[in-house]
Amino acid sequence: MTRAFLLCTAAAVVVIAAAAAPALAKDRTLRPTTYTVTALPNPLGGTYAQGSSINGKNQIAGFATLPGNAVMHALLWQKQRWIDMGTLGGPNSAIAWPNRNEHGVFAGVAETAEPNPLGEPWSCALAVFYTAPPTGDICLGFRWQNGTMTALPTLGGYDGFATGINNRGQIVGWAENANHDPTCTAPQVLQFEAVVWGPEANQFEQLPPYGTDPDGAATAINGSGQIVGISGECGNAVGGASALHMVLWYRNTTTSLPTLGGQYWNTPMDINDNGNVTGFSDLPGDGVSSPNFHAFLWTKSGGTSDLGTLAGDSISEGLGINKSDQVVGVSYPSSHAFLWQNGTMTDLNSLIGQNPQYTLIDAQDINDNGDITGEAQDNTTGAILAFIATPN
């Protein structure tokens with residue numbers, strides 16, 4: 001597949017004039033600084049879609065809503081077609097994190113048709129299915145391959161969540177056990193822990209939280225099996241006190257990564273094959289209900305660096321990183337996608353020409369070719385669409 005990934009039913013392509021390209025210290029001497037943006041269709045009939053993951057074959061995985069935007073399904077865009085990945089029997093499913101697999105295997109979250117006996121909303125409703133009202137159904141991580149979605153086991157509780165997958169077929173995420181955790185915030189009841197599933201069928205392992213923390217969650221894995229995630233208290237199973245520590249698991253060792261100085265919301269989101277990590281971390285003076293996080297880059301040699309925000313913004317999130325240490329994400333309250341490279345954060349919207357049809361509101365992932373996916377708003381219709389931005 002070429003990098004000029006085109007869809008027959010895609011919205012109009014925005015072609016950008018060339019500009020000077022800065023030097024890149026990694027494996028390329030020059031890097032284009034302008035992009036061609038192609039909006040990906042929402043074939044399910046809704047007006048909301050997100051590209052969450054893009055691999056080296058330009059397979060883009062994410063989700064799209066059905067008419068009314070109250071239900072969403074995990075979706076795969078590839079070449080000139082799309083695939084509805086379905087669900088585990090319930091209404092909703094999604095791929096929400098970068099997947100690092102080139103073999104057509106993907107990981108995400110989906111609802112079953114069974115209600116949660118404890119009435120927990122779980123991470124799915126709070127962190128992913130935000131356009132849909134909570135259903136109360138059990139939500140599980142899944143593995144998808146060759147048109148089949150398979151549920152991943154929990155640790156004895158009801159719910160689970162899968163984020164990333166590598167080329168070995170190892171999937172990471174988190175799952176509930178049967179323990180009633182006193183650090184949970186109602187209606188959350190059960191403790192959850194970081195998990196790695198696979199690569200063999202029915203193979204899974206719990207990863208320990210850091211220090212005396214009761215709970216944990218894995219968010220990303222690279223090709224070497226290095227895993228990053230969060231460690232903290234149960235809370236409501238999303239961010240806040242659940243993310244007291246940023247954690248790296250590798251070769252049976254649990255290491256706490258340095259934060260930007262805040263106590264809460266310290267969350268690695270992606271790790272590349274160099275072992276470098278991006279995500280977001282609170283600054284000093286934060287609170288559970290008053291986050292002030294900035295995007296960061298962690299490297300073994302340089303530690304944790306604050307990537308800042310776009311001009312006029314106050315918070316930012318690093319969401320994806322490639323082997324050249326290019327970081328993409330989102331800056332708020334402008335809600336603009338950014339590209340960070342060579343020490344500089346740039347608004348992606350400044351790299352797509354004058355009077356574009358789309359506003360790039362977040363960048364979720366970047367592959368090793370520099371292709372970017374995320375969410376774009378159609379400035380004519382207001383619809384939120386998945387996109388691919390291809391370097392010129």
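The values are calculated or read from the model by the stated rules, or taken from the named source; none is laboratory data. Computed from a predicted structure; not experimentally measured. Glycine gets a Cβ as well: all are built from the backbone with ideal geometry, and neighbour counts include every protein chain shown. Just the protein is used for accessible areas: all its heavy atoms, side chains included, with ligands, DNA and RNA removed. Shrake-Rupley method; radii C 1.70, N 1.55, O 1.52, S 1.80 Å.
5 Å is the cut-off here: which amide hydrogens, built 1.01 Å from N in the peptide plane, fall below it relative to residue 179, excluding neighbours closer than 5 in sequence?
The list, which skips near neighbours in sequence, is 191.
What is the P(r) of the stretch 54-144, as percent of Cα-Cα pairs per 5 Å bin from 0?
Computed distribution, short to long bins: 3, 15, 26, 24, 16, 10, 5, 1, 0.
Over the chain, give the accessible area per residue in Å² for a 1.4 Å probe, as an integer. Write down the numbers at each step before the final one.
Working: 14530 Å² over 392 residues.
Solvent-accessible surface per residue comes out at 37 Å².
Find out how many positive minus negative residues lie around residue 361, taking Lys and Arg as positive, Asp and Glu as negative, among other residues whose Cβ is under 12 Å from that of residue 361. If you can, show how the numbers build up before the last one.
Values: positive: none; negative: 347, 362, 375, 378.
Taking every Cβ under 12 Å from that of residue 361, the sum is -4.
With 10 Å bins from zero, work out the P(r) of the stretch 252-312 over every alpha carbon pair and list the percent per bin.
Using 10 Å bins, I get a P(r) of 23, 52, 22, 3, 0 for the stretch 252-312.
Starting from the Kirkwood Rh over alpha-carbon pairs, what translational D in µm² s⁻¹ does the stretch 279-392 have by Stokes-Einstein at 10 °C and 1.306 mPa s? The partial results should precede the final answer.
Numbers: Rh = 14.5 Å.
Rounded to a whole number, D works out at 110 µm²/s.
Report the full-extension gain for the segment residue 289 to residue 146: residue separation times 0.36 nm, less the Cα-Cα distance, to one decimal in nm. All intermediate terms of the calculation are to be shown ahead of the outcome.
Details: separation 143, 0.36 × 143 = 51.48 nm, distance 4.19 nm.
Length difference between fully extended and current span is 47.3 nm.
Using R₀ = 22 Å, calculate the FRET efficiency as 1/(1 + (r/R₀)^6) where r is the Cβ-Cβ separation of residue 103 and residue 250; round to 0.05.
Numbers: r = 23 Å, r/R0 = 1.04.
Calculated transfer efficiency: 0.45.
Count the net charge of all other residues whose Cβ sits under 13 Å from the Cβ of residue 247, scoring Lys and Arg as +1 and Asp and Glu as -1.
Numbers: positive: none; negative: 193, 213, 215.
With Lys, Arg at +1 and Asp, Glu at -1, the net is -3.
Rounded to the nearest 5, what is the percent of antiparallel bridges among the DSSP beta bridges in the chain? Mind showing how you got there, number by number?
Details: 113 of 116 bridges.
Close to 95 percent.
If you wrap a convex hull around the C-alpha atoms of the stretch 154-256 and split its volume per residue, what is the figure in Å³? Don't skip to the answer; put the middle values down first.
Working: hull volume 8.6 nm³, N = 103.
So the per-residue Cα hull volume is 84 Å³.
As a test of reading the structure, rank 163, 148, 254 by solvent-accessible area (1.4 Å probe, protein chains only), most first. Could the numbers behind the result be given before it?
Values: 163 0, 148 75, 254 40 Å².
Putting 163, 148, 254 in descending order of accessible area: 148, 254, 163.
Which percent of the accessible heavy-atom area of the stretch 243-390 goes to carbon and sulfur, probe 1.4 angstrom?
Values: 2490 of 5270 Å².
Heavy-atom surface of the stretch 243-390 belonging to carbon and sulfur, 1.4 Å probe: 47 percent.
What aspartates and glutamates does residue 79 reach when the alpha-carbon gap must be under 16 Å and sequence neighbours fewer than 8 apart in one chain are set aside?
Straight-distance partners of residue 79: 102, 371.
Any chance you could check the Cα centroid distance between the stretch 229-273 and the stretch 283-359 for me, in angstrom?
Centre-to-centre distance over Cα atoms comes out at 18 Å.
Please give the solvent-accessible surface of residue 180 in Å², to the nearest 10, using a probe radius of 1.4 Å with every protein chain present.
Taking all protein chains as shown, residue 180 has close to 130 Å².
Report the far tail of the P(r) of the stretch 107-178, meaning the percent of Cα-Cα pairs longer than 18 Å.
Details: 910 of 2556 pairs.
Beyond 18 Å sits 36 percent of the P(r) for the stretch 107-178.
So for the stretch 214-309, averaging the separation of alpha carbon pairs under 8 Å that are six or more residues apart and normalising by length, what relative contact order in percent results?
Details: 263 pairs, mean separation 20.4, N = 96.
Relative contact order for the stretch 214-309 comes out at 21 percent.
If I model the stretch 226-273 as equal point scatterers sitting on the Cα atoms and use the Debye formula, what is log10 I(q)/I(0) at q = 0.18 Å⁻¹?
-0.52
Please compute the volume of the convex hull spanned by the alpha-carbon atoms of the chain and report it per residue in Å³. Mind showing how you got there, number by number?
Values: hull volume 49.9 nm³, N = 392.
Once divided by residue count, the hull of the chain is 127 Å³.
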